[in-house]
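A short write-up of the structure that comes next.
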Amino acid sequence: MTDLTDQVAIVTGASRGIGRAIALLLALQGAKVVAVARTAEELEELNAKTQGLAIPADVADEADAQHIVNETLSRYGRLDMLICNAGVGSFGLLEHFEAAEWDQMFAVNVKGTFLLCKAVVPHFKAQGRGHIVGIASDVSRRTFEHGTAYGATKYAQDALLGSLRKEVRPHGIKVSTIYPGMVDTYFNDSKPGSAAAEKTHLRPSDVAQAVRYVLEAPAHVVVDELMLHPVSQEW
Ligand code: NAP
């Protein structure tokens, strides 16, 4: 088993929802968590609990992505894991989407994953190890009405991570992709915590446990893909 104590992990989209749960769980395992999101106040509130490093940044901005990695290395002198979790989504008929809304979803979900991976891979290659975990979605594997934009981003993110897995494997770098079904978060302006969602949705902590599982795999094992759903969800 890989011991997470003192391992340094960048978690994007850590201010709320799934990312926050991942950050809290990794900190509980003794990891040094570098929490990234755009909203500084929520990050600071989280960081008071995790005692790591909070970096307000936009994952879709190339300079920000490099800044996140530079700041991490300058604070801790090491980097072991990247959790690409930041994501946005909205849903509707194709003809009702504004092009700018489409661009924003691709910027965060796809370009953000690309930029953070691009920033960490040279470092991981130099040290001959590292672990990238991408939070994709079950809709990376199925199409649905009103999902032309979000679904396309999640297919693209999945393809990016799958190809990267093959590129970096010879360098000892692991890439794991997690595919959650519906999760009770703030996603798409939802309000988490309703009694109904308890039956119909995963909790953010369920996804965090899946991330912990793939990160704790023994050094010689990579969990390539892991899909999880609430029992009640048909897909
Ligand atoms: P959420 O509660 O809305 O949280 C999204 C997080 O991403 C926030 O911390 C947000 O912080 C951050 N973020 C958004 N845009 C960003 C940017 N440009 N740069 C940096 N951080 C940014 O949503 P969630 O459900 O936890 O979603 C997390 C991931 O899970 C997403 O990739 C989503 O596609 C995936 N997912 C969600 C579900 C679900 O049912 N909820 C299911 C499958 C997969 P700021 O706004 O402060 O930047």
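The values are calculated or read from the model by the stated rules, or taken from the named source; none is laboratory data. Being a predicted model, the structure only gives us computed values, none of them experimental. Cβ atoms come from the backbone with ideal geometry, glycine included; neighbour counts cover every protein chain shown. These area figures cover heavy atoms from the full protein model, side chains too; ligands, DNA and RNA do not enter into them. Shrake-Rupley method; radii C 1.70, N 1.55, O 1.52, S 1.80 Å.
Structure values in brief
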| read-out | value |
| --- | --- |
| In segment 47-69, residue surrounded by the most Cβ atoms within 10 Å (Cβ to Cβ) [restricted to those that are near the ligand (Cβ under 9 Å from one of its atoms) and of a type in the set (A, V, I, L, M)] | 59 |
| Filtered residues of segment 70-85 (kept if within 16 Å of the ligand (Cβ to nearest atom) and open to solvent by 10 Å² or more (accessible area, probe 1.4 Å)) | 71, 85 |
| For residue 10: the one exception among (1) open to solvent by 20 Å² or more (accessible area, probe 1.4 Å); (2) of a type in the set (Val, Ile, Thr); (3) assigned to a strand (DSSP E or B) | (1) |
| Helices (runs of 4 or more DSSP H) fully within segment 119-235 counting 2 or more residues that are surrounded by 19 or more Cβ atoms within 10 Å (Cβ to Cβ) and within 16 Å of the ligand (Cβ to nearest atom) | 148-168, 204-215 |
| Some residue of segment 86-98 being in contact with a helix residue (DSSP H, G or I) (Cβ under 9 Å, 6 or more places away or on another chain), under 21 Å from residue 123 (Cα atoms), touching a residue at least 40 places away in the same chain (Cβ under 8 Å) and more than 15 Å from the ligand (Cβ to nearest atom) | no |
